[in-house]
Amino acid sequence: MKTALITGTTSGIGKAFAERSASMGNNIILVSRNEEKLKKQKNALRSQYHVEVRYIACDLTQTDAVDLIINKIDRWQISVDLLINNAGFNECGLFTDTDIKQEMKMIDLHIRFITQLTKYILPMMKKNGHGHIVHVGSIGSFIPSPSDAVYAATKAYIRSFSNALYGECKKTGIKITLLCPGATETGFAAKADIQDTLLFRYAVMKPEKVVEIAYPKVMKGKRSVIPGAYNKLLVFFSKILPIEITNALTLFMMK
């Protein structure tokens, strides 16, 4: 039986990945901040899918978060077969108006934490000769986004990082997948106060649908997954339109 470590599991895409992974018979390590929610999720997954479920409650923006996770894994003597770097949040608005403290936390989570955790898990997978790593990015990673500058930049890092690791691991037994969802029906938008923007009024996907599309492609080792025709269309046009137009469109969609 394999083990999946998933971050940001108590809602949204992370929760859907935990459900799907457990339904496939994988043991689960849940990693999120809210211990009360983690306990409930652990019991629910155990009861429904009869797999071993552990959890690690910590604030992933803290500099010692990865050390805490590594120490737990080492103590449990568990080998991670599937790593899903999902945890994330947004601080949205014009750069002159946003909270720099929140933006630095976002950089810590989306860049430092993901890099550090992958740095630990990937050699473990190489030693075992197999494994899957999923980095949850965003269609926003394809567009330098006015009114969402730092978030889009951190997701662009994740896209570049994931694609590079895919190249490094291509001839090994390790599969690296970049998942780039668009607007998704989670608590993400409400926390960022962008739930009423045009971006979240049309073609919003349910997290379960995102994972339904992504999971089999992850297992096949597909390099990049963009779920939904609408999201694929947005990415396509982001590649061919000049920056002046994509900037204007982004500002319009974030109103």
Just to confirm, what accessible area per residue do you get for segment 100-182 at 1.4 Å probe, in whole Å²?
40
To the nearest Å², the heavy-atom accessible area per residue of segment 1-68 with 1.4 Å probe amounts to 47
Given the DSSP H assignment, sum -39500 (n - 2.57) over each helix run of at least 4 residues in the chain and divide by its residue total; what's the result at 222 nm in deg cm²/dmol, nearest 500?
-15000 deg cm²/dmol
If I take R0 = 30 Å and measure r between the Cβ atoms of Phe237 and Glu212 in this structure, what FRET efficiency does the formula 1/(1 + (r/R0)^6) give, to the nearest 0.05?
0.75
Compactness index (Cα Rg / 2.2 N^0.38 Å), the chain
0.98
Give the angle, between 0 and 90 degrees and rounded to the nearest 10, that separates the Cα long axis of helix 229-240 from the longest principal axis of the Cα atoms of the chain.
60
When the expected Rg is taken as 2.2 N^0.38 Å, what fraction or multiple of it is the alpha-carbon Rg of segment 89-142?
1.50
Probe radius 1.4 Å, ligands and nucleic acids ignored: give me the carbon and sulfur share of the accessible area of the chain as a rounded percent.
55
Once the other residues with Cβ under 11 Å from the Cβ of Phe17 are scored (Lys, Arg +1; Asp, Glu -1), what is the net sum?
-1
Any idea how far the Cα center of segment 13-57 sits from the one of segment 61-81, in Å?
16
Helix 207-220: inclination vs the chain longest Cα principal axis, degrees, rounded to 10, gives 60
Which pairs in the list Lys42/Lys232; Lys72/Lys126; Lys126/Lys222; Lys101/Lys217; Lys126/Lys220; Lys2/Lys209 are over 26 Å apart, alpha-carbon to alpha-carbon?
Lys42/Lys232; Lys101/Lys217
As straight-line cross-link partners of Lys15, the qualifying aspartates and glutamates (C-alpha separation under 20 Å, not fewer than 8 residues apart within one chain) are Glu35, Glu36, Glu52, Asp59, Asp81, Glu185, Glu208, Glu212
Specify the residue with the greatest mean-square fluctuation among Thr96, Thr115, Thr186, computed from a Gaussian network of the chain linking alpha-carbon atoms under 10 Å apart.
Thr96
Which of Leu117, Leu233, Leu45 moves most in a GNM of the chain, Cα contacts under 10 Å?
Leu233
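The values are calculated or read from the model by the stated rules, or taken from the named source; none is laboratory data. A quick note: this is a predicted structure, and the numbers were derived from the prediction, not measured. Reconstructed Cβ throughout: ideal geometry from the backbone, glycine too, with neighbour counts over all protein chains shown. The area values use the complete protein model at the heavy-atom level, side chains included, leaving out ligands, DNA and RNA. Shrake-Rupley method; radii C 1.70, N 1.55, O 1.52, S 1.80 Å.
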